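Working notes, beginning with the structure itself.
Read-outs: derived from the displayed coordinates by stated rules, not from any lab. Quick caveat, the model's predicted, so the values are computed rather than measured. With ideal geometry, Cβ positions are generated from the backbone for all residues, glycine too; neighbour counts draw on all protein chains shown.
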Amino acid sequence: MTALPDIAGCVEARTARSTGLPVLLIDLRGEGAWAGTEEEGRWLTLCDTHGGLLQHSTRQDARGWMAAPEDWCPECMPAQ
Ligand SMILES: [Zn+2]
């Protein structure tokens, strides 16, 4: 298991097979300051290398996106 980085709310870290780069799953509610609803996007996927991110309403949804950062991180996207 990959050690979790010292980021508030980070609940999971995984290396995306497609890019070989670490992707983090963050529970925004764990930040303390966030008081939005699940629908507004409680879960955040973050490309640890580039800082690209995407918000999701469910953890299951967010975990699905962790495998493909090239779909949501501008820097991971293959050159057109
Ligand atoms: Zn990236």
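Amide H to amide H, with H built 1.01 Å from N, A16 comes under 5 Å of L21, V23, counting only residues 5 or more places away or on other chains.
Give, as ranges by residue number, the residues of the range 53-72 whose backbone N falls under 20 Å from the point 7 Å along Cα→Cβ of V11. What the label zone holds, given the 20 Å backbone N cut-off, is 53-69. Between A67 and any residue 5 or more places off or on another chain, the built amide H atoms are never under 5 Å apart.
Note on T49 and D61: the extension gain reaches 2.2 nm, defined as 0.36 nm multiplied by sequence separation minus the Cα-Cα distance. Structural descriptor for the range 10-71: relative contact order 33 percent, calculated from alpha carbon pairs under 8 angstrom and at least 6 residues apart.
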